[in-house]
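Chemist: Mind having a look at this structure? Questions to follow.
The values are calculated or read from the model by the stated rules, or taken from the named source; none is laboratory data. Note that the structure is predicted; figures quoted are calculated from it, not measured. All Cβ positions, even for glycine, are placed from backbone atoms using ideal geometry, and neighbour counts span all protein chains on display. All accessible areas refer to the heavy atoms of the entire protein, side chains included, with ligands and DNA or RNA removed. Shrake-Rupley method; radii C 1.70, N 1.55, O 1.52, S 1.80 Å.
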Amino acid sequence: MVRRTRFWKGKKWQFAVKQQQQNDDGDDVVVSTDDSHFVFCNRPALNAQFRYVTNMTSTRKYSWWSFLPRSLFEQYRRAAYWYFTAMAALSLAPFSPYNRFSVWLPLAFVLILGILRELWEDLRRYRGDNLVNSRPVLVHDGEGHLLEKQWKHLCVGDIVKVMDGDYFPADLLLLSSTGPEGICYVETMNLDGETNLKVRQALQVTWAIGSKDEGLLRKFEANVKCEDPNASLYTFAGLLEFPDGEAYPIGPSQLLLRDSSLQNTGSVIGVVIYTGHDTKVMQNSSPVPSKRSRLDRSLDRVIWVMFAVLLTLSSTTGIVLGLWIKNEGTSVWYLQPRLSDPYFNPAQAVIAGIISSLNGLVLYGYLIPISLYVSLEVVRVLQAALMMQDVQMYDPATDKPCRVKSAGLNEELGQVDTILSDKTGTLTCNQMDFFRCSIGGVSYGKGTTEVEASAARLSLPLGGASLFPDAINQESQLYKTSKILDSATTGNMTNGVESADHNLFKEKGFNFYDARLLGGNWATEENSQSIELFFRILALCHTAIPDGNVDNPSSMRYRAESPDEAALVVAAKQFGFYFYKRTPTTLYMRETLGPKAQPVDCKYQLLNVLEFSSARKRMSVIVRFPDGKLLLLCKGADSVVLQLLDPNNKGFSTQTNTHLKQYGEVGLRTLLIAYKELKEEEYIIWQAKFEEARSTMGRERDIRTEEAAEEIERGLTVVGGTGVEDKLQAGVPESVDRLAKAGIKIWVLTGDKMETAINIGYACSLLRQGMDKLIVSMEGVEARNVEEKAQRDGLSRNEISKELQSLVRRKLEDALQLVQMHNVKPQEVSNSERHQLSFSSSLHSALSHSFSRTGSLSESQSQNSIMSRTLSSSLQMSSIQNRHKKSSSGQTFTQKIKNQESPEAKTLVNMDYELEYALIIDGQSLAYILGDNGLQELFLQVCLKCASVLCCRVSPRQKAQVTRLVKKGLGQHRLCLAIGDGANDVGMIQAANVGVGITGVEGAQAAMAADYAIAQFRFLERLLLVHGRWCYRRISLMILYFFYKVCLLGFVSFYSNTFAHFSGQPLYLDCSKLSRSRGDMQGL
Amino acid sequence: MSINGASTSENPLGGGDSIIPKKQSRKPKYTKFTQQELPACKPLLTPAWVIGTFMLVGVIFIPIGLVTLLASHSVVEIISQYETACLDQYIPGASKAQKVNYIQDINTAKSCNVTMNINKKMKQPVYIYYELDNFFQNHRRYVKSRSDEQLRGGKVSSSDLDLCAPEAQVNNLPIVPCGLIAWSLFNDTYTFVSRSNGPLTVNKKGIAWNSDVKYKFSSTLLPSNFPNNNVSGGSTIGGGSLDPSSPLALDEDLIVWMRTAALPSFRKLWGKIEIDLEAGDTITVDITNLYNTYSFGGKKKVVLSTTSWLGGKNDFLGFAYLTIGCLCMLLALLFFIVHWRNPRPLGDTSYLSWNKKGNASGENVLQ
């Protein structure tokens, strides 16, 4: 109670927190100094003093009272409107040559139209917000009861109960869950676009709350002290303090973010920490920007020029008239100079001149056409209607035509230079299919992957393979065999996919056909032992959670960390190893061994899970089989697992590896499957170490756990490998290819892992074999070195980040040098010996090779192996030694192509000549880049020279930041377009010049925020290359014509006035005069 | 289109869709208009087309130009400038002030005569025009200063009368017809005496536009309070006076004058001579030189002219046609020579920017 009274005094309280932190210094918990967010849990009334925002969220651009002024302001961002208003004001003056209504009416029309449109859009947003704000949630009323409340009435400190499948109404601190050990699963698709489930675990002290005993709920009392609201989705730090003074550190693992949803868990209890606009997701959202077409802006510039012309004309009018009146006014008796008025007074010619020049402004006002703005609006609306009517942009599967939200950007579509694309759900369907496998040195599975199919359609040889005769033979053999098998089974020679479509066993995640394995036939294969083990590993080595009716295998869904993991479990199910239940210690399986065998239920004891991390690139489980055997089952990236094999017992590793390379080339994601039998003693010793490592606190923990895991994951034996296809959306490779041919650059910004991004890059021909990949990553050896050094030297956080930043800078500078060096003609490269590159095999990963350069670059850099350079697998296989050799072989390759003389081959030759680069960068590096202006510049320079850019592991905010950066970097004359489908792409879509949303399966936020919504990525091609071009051409033509017209009108009017001493007599009658006095031509 | 093929591809999520009841499809209707597939014609500017078109324009325009020029030349026009000649009879070599004094003095003798020699036979009707120069009938102050409502004989409100400023009223009584235009009515008069035929009758009827006479000028409204009608000497004189007993519609000189000219140098029809004038004849024009152009240095001319099917004498149109026609022929010839000497296939893609060597797109980005 003492503490609470202290906290009552607002200002003093912040100071108190800081003091306390200093006391906590010894603790491992890192609490940043701006931790001033304070929450009295379960006592929402007490939190009122802090004046936290309500849980009402609003995405509206205007509020009720500010609507009129602000929307008017929006309208008046067009320079021309100011002019029109000034002209309208002038038309009220008595000397106006035109009737006031003929000036005011069009202005009012345009303004009202614009305001109405804003109103309509804002109302739509308001309705959307209302829907969200009035969602119900169960809230603890303080008396131990849970009552239903609307989201918007939620306060900080409230205790809420969220049911399975529901969205979290605010950022919650997880207290307890119906799941075991306070665990619950959340889906964060709206935040980062990932569909996998993430685990959140409550602190042990709070597990009991929310159990049957309602008294606990009422009695629960604690304070939370944590960071101020911020936008970082992946960090959170705070302290949970109980009245008895006990404090527990809390982190991201206890935080349930708004807009993510609870999955596979009965219900959870949580305390509201951040509400409304303080929540991380809202902090991530940027205000709805008002996008203006660049054409509008350049139109403004033209208007300024026209305005200058107008001013010249009207001041000429004034001066000439003034001089004439002064000098000769008295002699023109027929104008009655003696009965003068201000407009004609020889004694005061200056006044007459000024009035006359004002009059000139109105008179030659034709030069600035208000009708252009009206016409532009109308034309754009019509164009939008035509786009929405386009049958070729209609998707029958989702029954969605193209939708145009901001017709004002139509012509921008035709000027896109760079496309920033999301990956999941945009390029891919976010569906992984088990496609091929290699077991015991035999490759199974057939059919054609998207990559093969698109390569075949584009009649490109699979790039890298063609460079090297060995590879080409293997590849074509693989390709041929699968085709022959297809034709043998279905008689369909043309398309292998179709035969797979008739596959009875096909389901989501499983697109595999090979009669040798399916339907239990594998039992008759000669190496059925390995096959059985292989399938068991697939069924056991994962962290997926089964979801569905146990007795109905076909309805069973697996919620896995990633869809490819689920695909493997589904595959095992299809092969007769049906995994149906998981507890923390046991895995339940129903095994069908053979075509006619009866299913048998088995229990496998799960001892340890060595989790996947992007650094480890593998996961393992230690399982006790029903027969008592102790096995370590491992699956992982081939590059990593190959290093861990038992050197004395290579087994099938060579064949398997070859197969996996081939799978990789045809765009499959590959995993190597291996195992190891453990001795009982060995395990017990290791288990102790592992437990100890796990119980370490803080940052040490991860490193030590990893080390422990590495210790046991040694001496593995290969069983086989898998090839999983990340299903591309229909027509993506072709669209990407055609967009690329149109000179449009495509960047992929994804929250996914780097390897996944690279795979997809290949699959949709963003990356091509023979392209050089420049990888900038914080997961490499160098970054780790920096961190280790930092730990040794006890550097502060700031210093570490400085180190890392300079690391990124070095990498980028290197990349830039490389890119600039090779942007010259290939001949020059091969001629200049000093640019030779030598490759050395990599230390930290077989996937990415480090290279060192001799010659112009310094020794230290080569020692650090700063640049990671990934080679295509085929390049690795052939022992190519230097750049010289590579480019010369590239030339012979182009020679070959030239002989074929097909147009596609010619473009390929062109592409090859340009020696393209692809930059691949991860979110962490990006964070350093975005934080520094110099680095941003550098990054842009590199990126703009690269043919493709892949950004992996980027947060929604980073996506938006990158987009803004690109927009800035591209400058005035080139535009960027962002395309995405999830809520995580909204920032990007809003930041880009043009935002396109995919109205896919993943909610509608992206489509709502977008300027254009299409159902499939491939429609982008038509949207940009057909409609964009048309709109751009037509609108440009119309504007040009308009200016031709107004110049004609304005200058003729001026010219006619030169014959009347610039007296300001209008040449054309305005409409009011026409109607009033018919036939009154006045001879003019 | 290959895109249509995708409609057969399976739903990416698979399953679950069959439960949703069939709604009305939102598939856009296929019409040639909405798909922007209406037949369209966009001329491809091939060399043959361009040369042919220029040729054609030339072939059509040159004859038209010739015919027009011919018609213009068939018109006989005799012009006689008299404002200086008439003055010189009385005060030769007068200064501007003297001239103005002379013309504004109602007591000075103002009659004079000029002779016009007919070189070519003039078929009737021979039109008589007066031509003024440096007279800005198109000045805004001047153009605005009239009340059509009043001229039409309608009810004249005070705002209508305001239009006539500064010649709206005298002694608080409205002027009829009001305004600067009516006030500055041209009032020189001419009589024509032919050497062979004696005095010529001039038809002053039918010189104004029919529509003006019928609709725009009242046939009942009589001039009243017209300032020029009671000029008592001095320098306040404007233009001509009006017959207070004759309604406006009958005063065709006024009607002609009130149709203001667009340019500062203009002719207005004054009358018609309805007999042929033979070549070699001399006509003496007796002029009452009343109208003041001396203040602003304007010229006065009297013009006799016949008309052709194309109107009066005007060479501009013929020359314009001829110039354009010749230019087109010249261009056709030029293009033909260029095409003949240096032919290249239409749509040669090697000239496209991205096919030109050393100009690969996106290369010069960061300079």
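Chemist: Can you pull the mean other chain C-beta count within 10 Å for peptide A:388-400? Intermediate values should be presented prior to the final figure.
Modeler: Numbers: counts 3, 8, 5, 10, 6, 2, 6, 4, 9, 9, 5, 7, 2.
Counting other chains' Cβ atoms within 10 Å and averaging over A:388-400 gives 6.
Chemist: Now for a different question. Roughly how crowded by other chains is peptide A:937-944, in terms of the mean Cβ count from those chains within 10 Å of each of its Cβ atoms? Intermediate results must be reported in sequence, preceding the final value.
Modeler: Working: counts 1, 0, 0, 2, 2, 1, 0, 3.
Per-residue shielding by partner chains comes out at 1.
Chemist: Hey, another quick one. Could you sort A:115-122, A:658-665, A:602-609 so that the peptide with the highest average Cβ count within 10 Å comes first and the rest follow in order?
Modeler: Working: A:115-122: 15.4, A:658-665: 24.0, A:602-609: 16.9.
Result, highest mean first: A:658-665, A:602-609, A:115-122.
Chemist: Write down the Kirkwood hydrodynamic radius of the stretch A:150-252, to one decimal in angstroms, obtained as one divided by the mean of 1/r over all alpha carbon pairs. Before the final figure, lay out the partial values.
Modeler: Details: mean 1/r = 0.0665 Å⁻¹.
It is 15.0 Å.
Chemist: For the stretch B:236-328, which whole percent of the accessible surface, found with a 1.4 angstrom probe, sits on carbon and sulfur atoms?
Modeler: It is 62 percent, rounded to a whole number.
Chemist: For peptide B:257-264, what's the mean number of Cβ atoms from other chains within 10 Å of each residue's Cβ? Mind dumping the intermediate values first?
Modeler: On the way: counts 0, 2, 4, 5, 3, 8, 5, 3.
Across B:257-264, the average partner-chain Cβ count within 10 Å equals 4.
Chemist: Let me ask something else. Which entries of A:K400/A:K753; A:K326/B:K268; A:K635/A:K727; A:K423/A:K508; A:K225/A:K789 show an alpha-carbon separation above 26 angstrom in the structure shown? Walk me through the numbers before you get to the answer.
Modeler: Values: A:K400/A:K753 31 Å; A:K326/B:K268 30 Å; A:K635/A:K727 21 Å; A:K423/A:K508 19 Å; A:K225/A:K789 32 Å.
Over 26 Å apart, Cα to Cα: A:K400/A:K753; A:K326/B:K268; A:K225/A:K789.
Chemist: With every protein chain left in place, what is the accessible area of A:E788 in Å² (1.4 Å probe, nearest 10)?
Modeler: Approximately 100 Å² of A:E788 is accessible to the 1.4 Å probe.
Chemist: Further question: Can you give the translational diffusion coefficient of the stretch A:64-123 in µm²/s, computed by Stokes-Einstein from the Kirkwood radius over Cα pairs at 4 °C and 1.567 mPa s? Write out the running numbers ahead of the final one.
Modeler: Working: Rh = 12.4 Å.
Stokes-Einstein gives a translational diffusion coefficient of 104 µm²/s.
Chemist: Sort the following peptides by mean Cβ neighbour count (other Cβ atoms within 10 Å, averaged over residues), highest first: A:428-434, A:525-531.
Modeler: Working: A:428-434: 25.6, A:525-531: 16.3.
Output ranking for A:428-434, A:525-531: A:428-434, A:525-531.
Chemist: Using a 1.4 Å probe on the protein heavy atoms only, what accessible surface does A:H973 show? Give it in Å² to the nearest 10.
Modeler: Approximately 140 Å² for this residue.
Chemist: Looking at the stretch A:534-601, which trypsin sites (Lys or Arg not before Pro) are DSSP coil and have at most 16 other C-beta atoms within 10 Å of their C-beta? Before the final figure, lay out the partial values.
Modeler: Values: sites: A:R536, A:R557, A:R559, A:K573, A:K581, A:R582, A:R590, A:K596; in loops: A:K596.
When the trypsin sites (Lys or Arg not before Pro) of the stretch A:534-601 are filtered for loop state and at most 16 Cβ neighbours within 10 Å, A:K596 remain.
Chemist: Here's something else I'd like to know. Over its Cα atoms, what ratio of radius of gyration to 2.2 N^0.38 Å does the stretch A:287-442 give?
Modeler: On the way: Rg = 31.0 Å, N = 156, 2.2 N^0.38 = 15.0 Å.
Relative to the 2.2 N^0.38 Å estimate, the stretch A:287-442 comes out at 2.07.
Chemist: Quick check on chain B: what are the equivalent-ellipsoid semi-axes from the Cα gyration tensor, as sqrt(5λ), descending, whole Å?
Modeler: Values: eigenvalues 875, 245, 95 Å².
Semi-axes from the Cα gyration tensor: 66, 35, 22 Å.
Chemist: Using a 1.4 Å probe and ignoring any ligands, DNA or RNA, find the accessible area of A:M393 and quote it in Å² to the nearest 10.
Modeler: Roughly 0 Å² of A:M393 is accessible to a 1.4 Å probe.
Chemist: Counting pairs of alpha carbon atoms under 8 Å apart in space and at least six apart in sequence, what relative contact order in percent does the stretch A:128-199 give? Present the calculation step by step, with values, prior to reporting the outcome.
Modeler: On the way: 73 pairs, mean separation 13.4, N = 72.
Relative contact order comes out at 19 percent.
Chemist: Of A:Y62, A:Y167, which has the most accessible area with a 1.4 Å probe, and how do the rest follow in descending order?
Modeler: A:Y167, A:Y62
Chemist: Helix B:316-341 sits at what angle to the longest principal axis of chain B, using alpha carbons and giving 0 to 90 degrees rounded to 10?
Modeler: 30
Chemist: Moving on. Under the classification rounded if a/c is under 1.5, otherwise prolate if a/b is larger than b/c and oblate if not, where does the stretch A:130-201 fall, given a ≥ b ≥ c as square roots of the Cα gyration tensor eigenvalues? Provide the component values of the computation, followed by the final result.
Modeler: Working: a/c = 2.34, a/b = 1.26, b/c = 1.85.
Judged from the Cα gyration tensor, the stretch A:130-201 comes out oblate (a/c at least 1.5, b/c at or above a/b).
Chemist: Return the calculated 222 nm mean residue ellipticity for chain B, to the nearest 500 deg cm²/dmol, obtained by summing -39500 (n - 2.57) across DSSP H runs with n ≥ 4 and dividing by the residue count.
Modeler: Numbers: 9 runs with 94 residues, N = 367.
Helix contribution divided over all residues of chain B: -7500 deg cm²/dmol.
Chemist: If I measure Cβ to Cβ between cysteines in chain B, which ones have no partner under 4.7 Å?
Modeler: Within chain B, the cysteines lacking a partner Cβ under 4.7 Å are B:C41, B:C326, B:C328.
Chemist: What's the buried accessible area, both sides, between A and B using a 1.4 Å probe, rounded to 100 Å²?
Modeler: On the way: alone 47900 and 23270 Å², together 66000 Å².
Chains A and B together bury roughly 5200 Å² of accessible area.
Chemist: How many angstrom separate the Cα center of the stretch A:148-202 from the Cα center of the stretch A:638-707?
Modeler: 34
Chemist: Sticking with this one: I'd like the residues of the stretch B:164-204 whose 1.4 Å-probe accessible area shrinks by no less than 10 Å² going from the isolated chain to the full set of protein chains.
Modeler: B:P166, B:E167, B:L180, B:W183, B:S184
Chemist: What do you reckon, how do A:F535, B:F335 stack up by accessible area (1.4 Å probe), largest on top? Each step should come with its number before you reach the end.
Modeler: Numbers: A:F535 0, B:F335 80 Å².
Highest to lowest solvent-accessible surface, that is B:F335, A:F535.
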